[in-house]
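Q: Attaching a single structure in structure tokens format; questions to follow.
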Amino acid sequence: MYESGAFVAAQLAPVTDEQVQPNGVDLTLDAVFEQQNAGRIGVEGKTVGERRELDTDESNCYTLTPGGYVARYAETIRVPDDHVGFIYPRSSLMRNSCMLHTAVWDAGYEGRGEGLLEVHHEIEIERGARIAQFVLADADHDGTYDGDYQRENIA
Ligand SMILES: O=c1ccn([C@H]2C[C@H](O)[C@@H](COP(=O)(O)OP(=O)(O)OP(=O)(O)O)O2)c(=O)[nH]1
């Protein structure tokens, strides 16, 4: 069962009332990156390719041409025990021919995560705009997250 937006809001910060939705919480855009060289997914181990952070224009806006980008969310999330998290795109993003993809957000993970932003038609996105919705579902789990991305992007 998915938790309510109020429950999800209690697991992340900063959050405003405007972000809290009936079934989840909208996440905002902190930064956009373009990958520069190949990463590697091995049988053992992995590397993430180098990336370049894109600049905004004078009105704090990214203008993104079609392609794949990595978006970093502004909110720090902690996935509580007995839960698993997923991201959905904000529907207005999808209606503008763009998509945000999710991997599994494990119980015990804490950090400011990232997602693949797929742009199929040029779009302008302001830094700080709501782009995604984070949801939490009840879940059994074996242990808690202890991987390389634990506490990523936390100052
Ligand atoms: O769309 C997503 C999904 C997950 N995460 C965060 C939360 C999750 O708990 C963590 C690690 O994800 P995963 O376990 O899939 O990473 P991995 O590639 O298996 O690496 P590692 O084994 O080092 O964790 O990344 C994101 O930032 N974005």
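Q: Could you give the spread of the C-alpha atoms of region 76-139 along their three principal axes, from largest to smallest, in whole angstroms?
A: 39, 20, 15
Q: Measuring from centroid to centroid over Cα atoms, what is the spacing of region 10-35 and region 72-144 in Å?
A: 8
Q: Oh, and also: How large is the translational diffusion coefficient of region 35-88 in µm² per second when you combine the Kirkwood radius over alpha carbon pairs with Stokes-Einstein at 37 °C and 0.692 mPa s?
A: Rounded to a whole number, D works out at 220 µm²/s.
Q: Same structure, new question: Could you look at the chain and say what percent of its accessible area is carbon and sulfur, using a 1.4 Å probe and all protein chains? If you can, show how the numbers build up before the last one.
A: Values: 4120 of 8790 Å².
That fraction is 47 percent.
Q: Taking amide H positions as placed in the peptide plane 1.01 Å from N, state which residues far from residue 75 in sequence (5 or more) or on other chains have amide H under 5 Å from it.
A: 28
Q: With a 1.4 Å probe and every protein chain left in place, tell me how much accessible area residue 57 has, in Å² to the nearest 10.
A: Ignoring ligands and nucleic acids, residue 57 comes out at about 60 Å².
Q: Report the gain in length on full extension from residue 50 to residue 138: 0.36 nm times residue separation, minus Cα-Cα distance, nm rounded to one decimal. The partial results should precede the final answer.
A: Values: separation 88, 0.36 × 88 = 31.68 nm, distance 3.49 nm.
Full-extension gain reported as 28.2 nm.
Q: What spacing in nm lies between the two simple spin-label points modelled at residue 95 and residue 36, each 7 Å away from Cα in the Cβ direction?
A: That separation, rounded to one decimal, is 3.8 nm.
Q: Mind listing the phi-derived Karplus ³J(HN,Hα) values for region 38-45, rounded to whole Hz, using 6.51, -1.76 and 1.60 with θ = phi - 60°, and x for any glycine or proline?
A: So the J values, rounded to whole Hz, are 6, x, 8, 10, x, 4, 10, x.
Q: Probe radius 1.4 Å, ligands and nucleic acids left out: which of 53, 114 has the largest accessible area, and how do the rest follow?
A: Correct descending sequence by accessible area is 53, 114.
Q: Tell me, what is the per residue accessible area of region 1-143 in Å², probe radius 1.4 Å?
A: For region 1-143, the per-residue accessible area is 55 Å².
Q: Moving on. With an 8 Å cut-off on Cα pairs and a minimum separation of 6 or more residues, tell me the relative contact order of region 46-140 in percent.
A: Rounded, it is 40 percent for region 46-140.
Q: Charges at C-beta only: +1 for Lys and Arg, -1 for Asp and Glu. How large is the resulting dipole of the chain about its Cα centre, in Debye rounded to 20?
A: About 280 debye.
Q: Taking every pair of alpha-carbon atoms in the chain, what share in percent sits in each 10 Å bin, from 0 to the bin with the longest distance?
A: 11, 39, 36, 14, 1
Q: When Lys and Arg each count +1 and Asp and Glu each count -1, what net charge do the other residues less than 10 Å away from residue 152, Cβ to Cβ, add up to? Before the final figure, lay out the partial values.
A: Values: positive: 72, 112, 151; negative: 110, 114, 148.
Summing Lys and Arg as +1 and Asp and Glu as -1 gives 0.
Q: Where in region 113-133 does the label zone of residue 86 land, with the point 7 angstrom along Cα→C-beta and an amide N cut-off under 20 Å?
A: 113-118, 131-133
Q: With each run of n ≥ 4 DSSP H residues scored as -39500 (n - 2.57), what mean residue ellipticity at 222 nm is computed for the chain after dividing by its residue count and rounding to the nearest 500 deg cm²/dmol? Before the final figure, lay out the partial values.
A: Numbers: 2 runs with 10 residues, N = 155.
One gets -1000 deg cm²/dmol as the mean residue ellipticity at 222 nm.
Q: Throw me the Rg/Rh for region 1-81, computed over C-alpha atoms with Kirkwood Rh, two decimals. Don't skip to the answer; put the middle values down first.
A: Numbers: Rg = 16.5 Å, Rh = 15.4 Å.
Taking Rh as the inverse mean 1/r over Cα pairs, Rg/Rh reads 1.07.
Q: Name the long-range amide H neighbours of residue 23: under 5 Å, sequence gap of 5 or more, or other chain; modelled H, no Pro or chain starts.
A: 5
The values are calculated or read from the model by the stated rules, or taken from the named source; none is laboratory data. Given the structure is predicted, the values throughout are model-derived calculations rather than measurements. Every residue, glycine among them, receives a Cβ derived from its backbone with ideal geometry; neighbour counts consider all protein chains shown. Note: accessible area is taken over every heavy atom of the protein model, side chains too, but ligands, DNA and RNA are not part of it. Shrake-Rupley method; radii C 1.70, N 1.55, O 1.52, S 1.80 Å.
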